[in-house]
Each structure stands twice: as C-alpha cells, then as structure tokens.
1. Can you compute the modelled spin-label distance between Gln193 and Leu341, with each label point 7 Å from Cα toward Cβ, in nm?
2. What length, rounded to one decimal in nm, is gained on full extension from Ala536 through to Arg553, with 0.36 nm per residue of separation minus their alpha-carbon distance?
3. Leaving out ligands, DNA and RNA, what percent of the accessible area of segment 481-546 is carbon and sulfur, probe 1.4 Å?
4. May I ask you to order 182-192, 352-362, 219-229, 492-502 by the average number of other C-beta atoms within 10 Å around their residues, highest value first?
5. What is the packing order of peptides 538-550, 32-44, 193-205, taking the mean over residues of other C-beta atoms within 10 Å and listing the highest first?
6. Once the piece of chain linking Val333 and Lys467 is laid out straight, how much longer is it, given 0.36 nm per residue of separation minus the C-alpha distance between them?
7. Taking 0.36 nm per residue of sequence separation and subtracting the Cα-Cα distance, how much length would be gained by fully extending the chain between Gln227 and Asp73, in nm to one decimal?
8. Using the Cβ atoms and a cut-off under 14 Å, what net charge is assigned to the surroundings of Arg448, where Lys and Arg are +1 and Asp and Glu are -1?
Amino acid sequence: MKFRKISLSFLMIALGINLAYAKKEPKYEQAHQLTAEQSALVEKAIAREKIVIKNIQQRTPLVETYIQEMRPDDKLYQVPTGDTYMLSRVDFRKTFTDKPYSARGQKGHGFFKGSVAAFANIGKALHLDKETFNTDGFTDMMFVDPIGFDQQHYVFSYVRREFLGSVRTWEFDVHPKVAGNGRFYGRIWIEDQDGNVVRFNGTYTESASEDNNKEYFHFDSWRMNMQPDLWLPVAIYVEESQRIEGGKTVGLRAQTHFWGYSLTLPTRESENVSVQVEGAVDQSADSQDMTPLQATREWVSQAENNVIDRLVQAGLLDPPSEFDKTPLEQIVVNLAVPNNLNFPDPIHCRILLTTTVEATTIGNTILISKGLIDTLPNEESFAAVVALELAHIALGHHIDTRYAFNDRLLFPDESSFQRIKMNHSDLDNAEAAKRATEYLQNSMYKDRLANAGLYFAQLTDRAHVLKQLNSPRLGDSMLKADGTPWLADLAKGAPKLNQDDTTQIAALPLGSWLKTDPWDDKEHGLNAKRYAPMNARDKMPFEVTAIYYKLQRYDDAQKTPAGTLPTNPTAPATGQAANPGPTGPNN
C-alpha cells in the first residue's frame, strides 16, 4: 500500500465537511445562549486550536495503534477475539504523510501483515461502509475539526466546571449547526488558564442522525501540557459495539498513543539518516593494548552502541532513565550474585517503547518492551524475563557485529524492524531458557516461581487470539512457534488458571506499570494507587482498557516525583488499596 499524502484542503474532504448541507435546517435543539465569560473562553479555545494545529505540523511523532476485537462473555463481560497492531511516524509539516514501520521480513512499505484484512473484518462486523481502515482514521481523532472549528459551524452548550487532575476545565457539549459528514459531535474540555482544548469525547457525524453512524468510531482524545504553553495529543481511546443478528454483539477497543514529539526528520532529501553518538568517555588512562578477547568484546560493544543510538533516534527505545536502573537492574543483581555471574562489563536494561510483548539483548544491554513490562504482575515474573535475557548474555548470544559498521544503520526510521536483526535463534532461546531456569532456582525467587509460571500460562491461554500482541517487531517472543512458552518449566509448575479467584493475578491489563513521556520518550512508573480486583471482570489480562489522565500543567509536572513499581498489585482485601511488600523491585 502506498503512503497516503493528504493536503489540509483534502483533509477537509476526507473528514467529510460537505457544503451541500449548508442550506438544510438544523436538526439539533437550540442551546442556551452562552454568557459573555463562556463565549470568551470558547473563542479563546477556537484561537488556541489553530495554534495547536500549527504546532502539530512542526512535529513528526510516532503513532501506535493497538486494536482488540471483542465479543461478549457471560462471566468476563467481554473477551478479545483478535487483534491488530500498527506503528507509524507521521509528518504534518507540508502534507499528512503516514509512514508505517514495516514488519520484520515484509517486503517494501506498508502495514504489518494482516492489518488491512483485520480492519476489513472489523468494518464488516460493525456494519461499517468502508472496506478497509488504516492509521489515518485513528490519527484524525487528534483533531476536533482542523478546518471548521468555530461558532459559525458549531453550537456550544455549557455543561459544568470539572478538574481533570489538577487542571480546572470548563465542559461544553458541541454539535454542528447543520448536520454534515465528518463534523464533530460530542463534548470538549477547555482548560481555564489559556483556553486549550485538553480533551474531547464523541464521534464524527456522517448523516442527519448521529445515532446511525456507520463510518466513524466513538473516541476519547486526550492532550498533555508537554512544554510551556504547548498542549499536544498524547492518547486516544476508541470503543465501539453494535447489536447484530442473532443477538450477538461484536465490537472493538483500541488505544492510540503518540510519542517522539522532539524527534525530527532528516533535513536532507536523501532517505539516509545520520546517527550522532554523544558522551564519549576518555579512556587514555587505560592500558594501551588489548588482547584478542578484549578487542572482540570491544567490537561487540561498538555494534551494541550503534544499534542502541539508532533505535533511540527512531523513537523505538527509551533514553536512559531511572526506571531502567530501578527496578530492572536491581533484579539483574538479585540474579547475578547468587549465580556467581561475573560479567566483564555492567549489565544495563532499557525499554522498547512498543506495546508488543517481546524482549531481547544487545551486547550487555537487556531490552524489554513496554507491553511486556506492563502486563507482568509481580517481581518474580519480572525476574523470569530478566533471567532469560541474562542467560543470552552469559552464553554469548550477542548481536550481529556487522552493526559495528555505522553505514549499515543509515536507513529511514520506518525500516528499523526490517534492517536491524535482534532476535535469537530457536536453538539460542532453548539454551537460554534452560540456563535461566537454573538461575531462578538459585535465586531469592525460587519459592515464588509458581507465580511467574502463572503469567506464562495466561500468556499461552490468550496467545491464539492476541497474535499481533505476541508477534515481536525487534526481539524475541516469550512463546515458541507452537504457542508454548520458552520457560515452559515455570508454566508447568504453576497452579491452574482460575478466573474466579480474585487473589490469583496471572497477568495485568496493558498500561499497568509504565507511562511514556511523549516529548522525550523517557519511561516512568505510574504514580497510582493499586486496588485488588473485586471480581473476575476486573482482571482483564493483556486487554486494552479505557484511558484516563490526571492532567498537570507543565511547571507542576516537573515537581511531581516519578512513580515506582510496587511489588504486588494484589491488595489484602477487596476494594482496598494495594499495599506493596517490603522486597519489591523498587527497593
């Protein structure tokens, strides 16, 4: 599929603003007239929305959309039946250019394998008119209306004042004065200091009846104060269901996340990019000569550093942050010391910014995806993943040293999955899994490994429907090709999965531990209270859930301490906040 390049004028058509409706009578009830103060805030929001659009046009963020198709379930309310994953980098500077990050092994550019077909199936299931959908449709939801957001095209009805976190907002219901295809219909939240729209919730209309919408999803779009006087889109939640024949309901839940706002595209016309490596260390005091073994290790380290720098530049890897050191690198110590692992160089941990469940190693650096971390329920589960990657390092399963030549990393960002090979062979994974089990048996986690086994049992249970979530883009899956876990011995020792047991937390929903700073891509632990599930429906393992932000202004956010990772999300009693144990990963 070729890249879509849509000018802003064409975007107006794509959003369906049809002038043919201009002469029709309004179908909406006349709203109460705004007070002078309310009208002034609306006008300020209209002006600010134009500034937001201009700021977005100067950015090239990454846009990740993960969709789960859902069906009703008597016990669990809803369960996923399939999924779709897409990652793109969007350039708004001159045109709307959507450049998907092509999957490993895929030829040319385009969506990940199966994405178009999956969207077609979703569309048919929801009785939507379009045969296929792509990231453009989900990206449109970062705008209220990029062309006609004003009091000439829309009616604003004041609702109330409400705090979203520490930000005081004024709520307004919004509908078009005349029904038209692609007009926004819903509610907006305007912060009262500068008049920025910080949240909008609703859908786009396609006909005279917003209740008969066959083309647009319902969505909840959030923005964040990322820099002084700069609010930009951070996330969108989509949820849709529709009653069809036979009394069966099908639908979807989706999350779209934006990050990498401080990234810039190459200024040259060439597709090549240049990698800048900063922070050189003076090693003049070291011995002047190296043995062959030292030289070999240095060569591997050079390849490692080149790849890490390239992944950071592509917006796929977090820059160094405190979360990398605590708790992840503390778990490395907890495993290395009792197993007498004396590595010549320190072991570091970094976080892949993608939702896919995967992990790998680059030299002496362990990479674990955000999606994998978010769904791990306890410290022993973290330790199992770290042990597997630590075993790869100890066994010498290092990255291909061809990347020590920097020219091999000169390619467009969206080709990163294709051009950087970081997955291990099945033989290496099997060998590492055996060694990792030994490390865990010799560690402080040996009496809690059944809990870790529960995670892999739950992952296996959901693997057949969440295929995209378990399809790695850069590293290794936690599962073999046949769907069984590499750490099968842990899964065998786990108790039977029991959805009715609220004390048994096998896996968590997506987004449970980490938040990505959309400006600088750093990862932080959620600063949130933890509550025990009250019933089986509260568990939601590996599921997409609604998004809700407690917003802060930029200056206030700089004063807020980063969250940490509690030991155990299980609370001592139903409905009470979780009380982390004394030996959590953050200690």
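The values are calculated or read from the model by the stated rules, or taken from the named source; none is laboratory data. Quick caveat, the model's predicted, so the values are computed rather than measured. Methodologically, a virtual Cβ is constructed for each residue, glycine included, from the backbone with ideal geometry; neighbour enumeration extends over all protein chains shown. Ligands, DNA and RNA are stripped out before the accessible areas are found, and what is left, the full protein with its side chains, is counted by its heavy atoms. Shrake-Rupley method; radii C 1.70, N 1.55, O 1.52, S 1.80 Å.
1. It is 4.5 nm.
2. Numbers: separation 17, 0.36 × 17 = 6.12 nm, distance 3.66 nm.
Length gained, Ala536 through Arg553: 2.5 nm.
3. Numbers: 1590 of 3160 Å².
It is 50 percent, rounded to a whole number.
4. On the way: 182-192: 21.8, 352-362: 24.8, 219-229: 18.9, 492-502: 13.3.
Ranked by mean Cβ neighbours within 10 Å, highest first: 352-362, 182-192, 219-229, 492-502.
5. Working: 538-550: 17.8, 32-44: 13.8, 193-205: 20.4.
The most tightly packed comes first, giving 193-205, 538-550, 32-44.
6. On the way: separation 134, 0.36 × 134 = 48.24 nm, distance 3.31 nm.
Gain on extension, Val333 to Lys467, equals 44.9 nm.
7. Full extension of this stretch gives 51.1 nm more.
8. Numbers: positive: Lys446; negative: Glu379, Glu380, Asp447.
Local charge sum for Arg448: -2.
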